[in-house]
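Colleague: Let me begin by handing over the structure; questions about it come next.
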Amino acid sequence: HQYHDSLFVKGHQVDIGGCKFVVSGANVMCPGLTSAGGSVGDNVAVGDVVAVYIEDKAHAVSIGIATMSSEAIREKNKGHCIDNVHFLGDGLWIHHTLPAVA
């Protein structure tokens, strides 16, 4: 589509090592955001909806709910910080082609 995801929700970036876990539905862990390749988005508060991006990829692979603020992620760097609620390949993400309307 013509609009970048960041226009709608805040985002964090997970390093490439966390990719297989996130797209399997795992919650996002702080070290995956704070390590090389990861990135903590600014001004995210507890309860915010966040898009989760993967290092070197343009589109979000997951949508989650922040369980820690951006500041807390940077300070604590321990535990899970995003509840993964919707991810690439889950039942909601997969869609079927609808028949053409005549």
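The values are calculated or read from the model by the stated rules, or taken from the named source; none is laboratory data. In this text the structure is predicted, and so the values were computed from the model without any measurement. As a convention, Cβ positions derive from the backbone with ideal geometry for all residues, glycine included, and neighbour counts pool all protein chains shown. For the accessible areas, the whole protein counts, side chains as well, though only heavy atoms, and no ligand, DNA or RNA atoms are used. Shrake-Rupley method; radii C 1.70, N 1.55, O 1.52, S 1.80 Å.
Colleague: Show the residue pairs that are 6+ apart or on different chains and have beta-carbon atoms under 6 Å apart, the first residue being within the range 70-85 and under 19 Å from ALA51 (Cβ atoms), the second being among the acidic types (Asp, Glu).
Modeller: What qualifies is SER70/ASP42.
Colleague: If you don't mind, there's one more thing I want to ask. Criterion first (among the aliphatic types (A, V, I, L, M) and open to solvent by 40 Å² or more (accessible area, probe 1.4 Å)) does VAL49 satisfy it?
Modeller: Details: among the aliphatic types (A, V, I, L, M): yes; open to solvent by 40 Å² or more (accessible area, probe 1.4 Å): yes.
When the stated conditions are applied, VAL49 passes them.
Colleague: Separate question: Since HIS59 meets every condition but one in (1) open to solvent by less than 80 Å² (accessible area, probe 1.4 Å); (2) touching a helix residue (DSSP H, G or I) at 6+ places or on another chain (Cβ under 9 Å); (3) not aliphatic (A, V, I, L, M), which condition does it not meet?
Modeller: Against the list (1) open to solvent by less than 80 Å² (accessible area, probe 1.4 Å); (2) touching a helix residue (DSSP H, G or I) at 6+ places or on another chain (Cβ under 9 Å); (3) not aliphatic (A, V, I, L, M), HIS59 comes up short only on (1).
Colleague: While we're looking at this one, here's another question. Does the range 36-43 contain any residue that is closer than 12 Å to HIS12 by Cα and exposed (fewer than 13 other Cβ atoms within 10 Å of the Cβ)?
Modeller: yes
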